[in-house]
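Any read-out appearing in this document is the output of simple, stated calculations on the displayed coordinates, not a laboratory observation. None of the values given here were measured: they were computed from a predicted structure. With ideal geometry, Cβ positions are generated from the backbone for all residues, glycine too; neighbour counts draw on all protein chains shown.
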Amino acid sequence: MTLPNHFEVLATDGQARAGRLTTPHGLVRTPAFMPVGTAGAMKGVHWREVRAAGTDIALGNTYHLMLRPGAERIAALGGLQKFSGWNGPMLTDSGGFQVMSLSDLRKIDEKAVTFRSHIDGATVELSPERSIEVQLLLGSDIAMQMDECVRLPAERADIERAMQLSLRWGERSRRAFEAAPAGHMLFGIAQGGDVGELRCVSARGIVDTGFHGYAIGGLAVGEPQAVMLAMIEEVAPLLPVGRPRYLMGVGTPEDLLEAIRRGMDMFDCVMPTRNGRHGVAFTRHGQINLRNARHADDPRPLDETSDWPSTREVSRAYLHHLVKAGETLGAMLLSEINIAYYQRLMHDVADAVARGAFSDFYEQTRAGWARGDIVPR
């Protein structure tokens, strides 16, 4: 069966791409960074700020939402967008990452993953079919196949077993998704750890199965950046040019820029809000740790050229004070500042690709990060 194509590549420059993804809840410009709203909420940031920062699409978590408040309840309340107040496109992961991150609470076999709920200890079974059912109940614009993610480093035998299981689960996810409403999408996931040969087997397998888009999963889970980039270089050329490519769970602005340079289109990570809660800002000057005492008497904003008000108008001294005092406002401001920087980076990349100037943008951006911030005398 030929799948409909909801994605259009609008421009390329080298391997970097700029495109447009059409979903039931609106258009998504690519490259796209998806802030992570695990439980249907962005930690410390209202959806108004998320949207105003330039975000087109956000991410929700199947595992957490099925446990609380429950997928059936969310469906009865109109779906995840209406329930949460986010009126834009939403991607939901399949719960596969929790297979790894909650390894002490689960067992896995061919049929499904059986979890012990971290909330109340109840036993919960998550199969590829149930994962797709939950994602459809949530009303996700883009659902992900069920997969198994292995934390690195790992033995090749364990990586290969999980990769082959993910391929079989991908086929079951695809069959279960046939009941989805028109316009909704399912992405396949290439696994294979840090073994290039297994990554290629997985990539060819998911392409043969056929999905609306293709993801690279199981990276940024303990391996060096060089290994992650090498795996992207193995997989990206095997994925269909006319379908979106999603690098899951990544990462720093540098990670995103390097992945875009290698042909990836979509990303998600908790880093903007998590680092914001720990006093770290992402800027064109690189990372700035507001906990450092050198900011205590600094009246400058983080970046006077930014188009985001909090980045341009709030002093470093005040942010330092909020962080050191443990004021919630500090975490909120830095989280929105970070989301805004990630979105500005994505939009600037798309503009550079459209102008055929990505290489210059890449060099200038990396040079800005390397120079860092100059402390005034």
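Points to keep in mind about this one:
- Burial ranking of peptide ranges 293-304, 224-235 (average Cβ count within 10 Å, highest at the top): 224-235, 293-304
- Beta bridges from DSSP with both residues in region 18-269: antiparallel share about 35 percent, rounded to the nearest 5.
- Simple spin-label estimate for Lys107 and Ala293 gives 5.5 nm between the two label positions (7 Å along the Cα-to-Cβ direction from each Cα).
- Potential lengthening between Ala157 and Val9 on full extension [0.36 nm per residue; Cα-Cα distance subtracted]: 49.5 nm
- Debye equation applied to the C-alpha atoms of region 18-269, log10 I(q)/I(0) at 0.10, 0.15 Å⁻¹: -0.43, -1.04
- Each residue of region 55-69 was assigned a 3J(HN,Hα) from its phi angle through the Karplus expression (A = 6.51, B = -1.76, C = 1.60, θ = phi - 60°), giving 6, 9, 8, 10, 10, x, 10, 4, 4, 5, 6, 6, 7, 7, x Hz with x at Gly and Pro.
- Cα centroid separation, region 150-194 to region 262-307 (Å): 34
- Counting other Cβ atoms within 10 Å as a rough exposure proxy, the listed residues Arg245, Arg156, Arg261 run Arg156, Arg261, Arg245 from fewest neighbours to most.
- In order along region 263-269, the phi-based Karplus estimate (6.51 cos²θ - 1.76 cosθ + 1.60, θ = phi - 60°) of 3J(HN,Hα) comes to x, 8, 10, 9, 8, 8, 5 Hz; Gly and Pro are listed as x.
- Full extension of the chain segment joining Arg168 with Glu254 gains 27.6 nm, where the gain is 0.36 nm per residue of separation less the Cα-Cα distance.
- Cross-link reach list, lysines versus Lys324, counting only Cα pairs under 23 Å and skipping chain neighbours closer than eight places: Lys43
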